[in-house]
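Below you'll find the structure, written out as structure tokens, and then a few comments.
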Amino acid sequence: MKYAEKIRNKIKNGELCFGTHCSTTEPWYYEMCGLLDYDYVWIDNEHAGMTMPMVQNGIVATNAGHCAAFVRVQDHDMKSIKPVLEVGPDGIIFPMVNTAEEARNIVSICKYPPRGIRGFGPLRAINYSDMPLSEYLAQADDSILLLMQCETKQAVDNLDEILAVDGVDAIIVGPMDLSASIGKMGQLTDSEVIELFNTVIAKCKKAGKPFGVSIGVNYDLVKFWVNNGASFASMGTPADYFYCMSKEVVSTVRGFEKDRSSK
């Protein structure tokens, strides 16, 4: 898909790809994200339990806003991955990838033979059959970015081997789960947690692979990753933004009320 290529070009040029997370049923939100200059929308089906029509509508609406659509699937099972492949996302995010064997299995599911075991049945991915088969097959294997999440100490320990798997496009750290894996959930400035972050960064740089982070509204953490060369930064959800903006709005208007009362 053309938006995946845009992401690849930004990475090649050393630019930051900045995105946000969403699992809403409202298509307008996904489209609006592109108008707001996000590079991609992280359509989150791991925790949200979205239906496939919701996922497809999110992808279509995101692309309508000229923005890349990444889908985080629920697990590494073919039944979870195959339907997402067929509706043409620009990237798929895989949670809790802890070993090279898991990474190889994921890549195999996403590639057609002889590179993998993907079955044939594209829908939107082949422009609803408007794209010639030869043209589709020539680009299908590399048209979707495959992003593996590093969310445990085990994954950090195995990261060199994971990065060596052909087809792994990038590593995305989940800092909450990673910190939890060493008994320090949410302690994102703890020295041991920072050491894990730095280990991931060093290993990715050594392998020449892009990396990034996914978090709620946490400017300090995102700044840390951006300053250390991250290619991806994903921050916030619609609930986060509504909460943050509403707190500001309510506080401001209550201030007007206090000013009125004091006159």
> What residues have an amide H closer than 5 Å to that of Tyr112, excluding those fewer than 5 places away on the same chain, when H is modeled at 1.01 Å from N in the peptide plane?
Replying inline: Arg118
> For all pairs of alpha-carbon atoms in region 112-263, what percent lies in each bin of width 5 Å, listed from the first bin to the last filled one?
Replying inline: 2, 8, 14, 14, 12, 10, 10, 10, 8, 5, 3, 2, 1, 1, 0, 0
> Any idea what the relative contact order of the chain is, in percent, if you count C-alpha pairs under 8 Å spaced at least 6 apart?
Replying inline: 17
> So, counting K/R as plus one and D/E as minus one, what does the shell of residues with Cβ under 14 Å around Thr62 add up to?
Replying inline: -2
> Is region 1-79 rounded, prolate or oblate when judged by the Cα gyration tensor, a ≥ b ≥ c being the square roots of its eigenvalues, rounded requiring a/c under 1.5 and prolate requiring a/b larger than b/c?
Replying inline: oblate
> Rounded, prolate or oblate: which fits the chain, taking a ≥ b ≥ c as square roots of the Cα gyration tensor eigenvalues, rounded meaning a/c under 1.5, else prolate when a/b beats b/c?
Replying inline: oblate
> Anyone know which of Thr189, Thr152, Thr252 comes out most mobile in the 10 Å Cα GNM of the chain?
Replying inline: Thr252
> Using a Förster distance of 22 Å, how high is the FRET efficiency between Asp240 and Leu123, based on the Cβ-Cβ distance and rounded to 0.05?
Replying inline: 0.10
> So what is the relative contact order of region 130-225, in percent, for Cα pairs below 8 Å that sit 6 or more residues apart?
Replying inline: 28
>> Tell me the per residue accessible area of region 128-263 using a 1.4 Å probe; a whole number in Å² is fine.
In response: 54
>> Given a 10 angstrom Cα cut-off, can you work out which residue in Ser214, Ser23, Ser251 is the most mobile in a GNM of the chain?
In response: Ser251
> Can you work out D for region 78-178 in µm² s⁻¹ from Stokes-Einstein, where Rh is the Kirkwood radius over C-alpha pairs, the temperature is 4 °C and the viscosity is 1.567 mPa s?
Replying inline: 92
>> As I understand it, the value is the acute angle between the Cα axis of helix 238-261 and the longest principal axis of the Cα atoms of the chain; what does it come to in degrees, rounded to 10?
In response: 10
> What's the local net charge at Met176, with K and R +1, D and E -1, over the other residues with C-beta under 12 Å away?
Replying inline: -1
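Does region 29-134 come out rounded, prolate or oblate, given a ≥ b ≥ c as the square roots of the eigenvalues of its C-alpha gyration tensor, rounded meaning a/c under 1.5 and, failing that, prolate meaning a/b above b/c?
Working: a/c = 1.96, a/b = 1.25, b/c = 1.57.
Oblate, since a/c reaches 1.5 and b/c is not below a/b.
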> Once the other residues with Cβ under 14 Å from the Cβ of Pro53 are scored (Lys, Arg +1; Asp, Glu -1), what is the net sum?
Replying inline: -1
>> With a 1.4 Å probe and all protein chains kept in place, how much accessible area does Asp240 have, in Å² rounded to the nearest 10?
In response: 50
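Summing -39500 (n - 2.57) over the DSSP H runs of n ≥ 4 in the chain and dividing by its residue number, what mean residue ellipticity at 222 nm do you reach, to the nearest 500 deg cm²/dmol? Walk me through the intermediate numbers first.
Values: 12 runs with 127 residues, N = 263.
So the calculated ellipticity at 222 nm is -14500 deg cm²/dmol.
The values are calculated or read from the model by the stated rules, or taken from the named source; none is laboratory data. Note that this is a predicted model, so its numbers are computed, not measured. Neighbour counts run over all protein chains shown; Cβ positions are idealised from the backbone, glycine included. These area figures cover heavy atoms from the full protein model, side chains too; ligands, DNA and RNA do not enter into them. Shrake-Rupley method; radii C 1.70, N 1.55, O 1.52, S 1.80 Å.
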